[in-house]
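Notes to accompany the following structure.
The values are calculated or read from the model by the stated rules, or taken from the named source; none is laboratory data. In this text the structure is predicted, and so the values were computed from the model without any measurement. Counting neighbours? That spans all protein chains shown, and the Cβs are built from the backbone with ideal geometry, glycine included.
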Amino acid sequence: MKTIAILDDDPTLVELYTNILQDEGYNVVTLSLSSTIKELIEKLRQSRAKVLILDIKIPGIDALQIIKELEVGLMAQQLKVLICSGAYQDIANLIQKLEEAKLNLPLVLRKPFDLDVFVEHLERLTQND
């Protein structure tokens, strides 16, 4: 069973994502908002998740730093990132910073989004595993 990790500060969305993903046959790991970036990366490594669903507007958590750490640790080869966020300007800024750092660009879904599109993106991200 393929594992998907979720890092979002909205408990309602985490529950929604979890229910949808479990219905689609995925194993789901939710990451603690109180973790340090090193702890998050280690939990991702241990979970063997194929995709990280990441909200970029979480107080106290730097999405850019998480993506950089995944790249540096070569986890980006095994773990794909799906950004789900309604913070349009923050998404644009993050993409610009990733491009400047020559890092891989994650797939982005802007909230609100169609749940069928959400599932299709996850199927595409996990299809070769």
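For residue 107, only one of the following conditions fails: (1) touching a strand residue (DSSP E or B) at 6+ places or on another chain (Cβ under 6 Å); (2) buried (at least 18 other Cβ atoms within 10 Å of the Cβ). What is its number?
Condition (2) is where residue 107 drops out.
Note down all Cβ pairs under 9 Å where the first residue falls in region 109-127 and is of a type in the set (Ser, Thr, Tyr), the second is not in a helix (DSSP H, G or I), and they're at least six residues apart or on different chains.
From residues that are of a type in the set (Ser, Thr, Tyr), the pairs are 126/2; 126/4; 126/26; 126/50; 126/51; 126/80.
Identify the residue in region 43-87 that is assigned to a loop (DSSP other than H, G, I, E, B) and touching an Asp or Glu at 6+ places or on another chain (Cβ under 6 Å) and, among all such residues, is nearest to residue 8 (Cα to Cα). Outline the logic, then answer.
Kept after step one, since they are assigned to a loop (DSSP other than H, G, I, E, B), are these residues of region 43-87: 48-50, 55-57, 59-60, 62, 73-74, 78-79, 86-87.
If we keep only those that are touching an Asp or Glu at 6+ places or on another chain (Cβ under 6 Å) as well, we get 50, 55-57.
Values: 50: 17, 55: 5, 56: 8, 57: 8 Å.
Taking the candidates together, the pick is 55.
Please go through (1) in a helix (DSSP H, G or I); (2) among the β-branched types (Val, Ile, Thr); (3) closer than 17 Å to residue 124 by Cα; (4) under 14 Å from the mean Cα position of the chain (by Cα) for residue 14 and return the number of the only condition it doesn't satisfy.
Condition not satisfied by residue 14: (3).
Specify the residue that is nearest to the chain's Cα centre (by Cα); the eligible residues are those in region 19-38 that are of a type outside the set (A, V, I, L, M) and at pLDDT 90 or above. Working first, answer last.
First, pick out the residues of region 19-38 that are of a type outside the set (A, V, I, L, M): 19, 22-27, 30, 32, 34-36, 38.
Then keep just the ones that are at pLDDT 90 or above; that gives 19, 22-27, 30.
Values: 19: 16, 22: 16, 23: 19, 24: 17, 25: 18, 26: 15, 27: 14, 30: 11 Å.
If we take residues in region 19-38 being of a type outside the set (A, V, I, L, M) and at pLDDT 90 or above, then 30 is nearest to the chain's Cα centre (by Cα).
Mind listing just one residue for me: the one in region 17-47 that is more than 24 Å from residue 64 (Cβ to Cβ) and touching a residue at least 24 places away in the same chain (Cβ under 8 Å) and, of those, surrounded by the fewest Cβ atoms within 10 Å (Cβ to Cβ)?
Start the filter on region 17-47 by keeping residues that are more than 24 Å from residue 64 (Cβ to Cβ), which leaves 18-28.
Now restrict to residues that are touching a residue at least 24 places away in the same chain (Cβ under 8 Å): 20-21, 24-28.
Values: 20: 16, 21: 21, 24: 15, 25: 8, 26: 22, 27: 15, 28: 19.
For region 17-47, the residue satisfying everything is 25.
Quick check on this structure: which one of 72, 51 is aliphatic (A, V, I, L, M) and within 19 Å of residue 125 (Cα to Cα)?
Values: 72 fails: within 19 Å of residue 125 (Cα to Cα).
Only one candidate qualifies: 51.
For the subset of region 88-129 comprising residues that are more than 30 Å from residue 23 (Cα to Cα) and assigned to a loop (DSSP other than H, G, I, E, B), which member is nearest to the chain's Cα centre (by Cα)?
Restricting attention to region 88-129, the residues satisfying the condition of being more than 30 Å from residue 23 (Cα to Cα) are 89-90, 92-103.
Those left that are additionally assigned to a loop (DSSP other than H, G, I, E, B): 101-103.
On the way: 101: 19, 102: 19, 103: 15 Å.
It comes out as 103.
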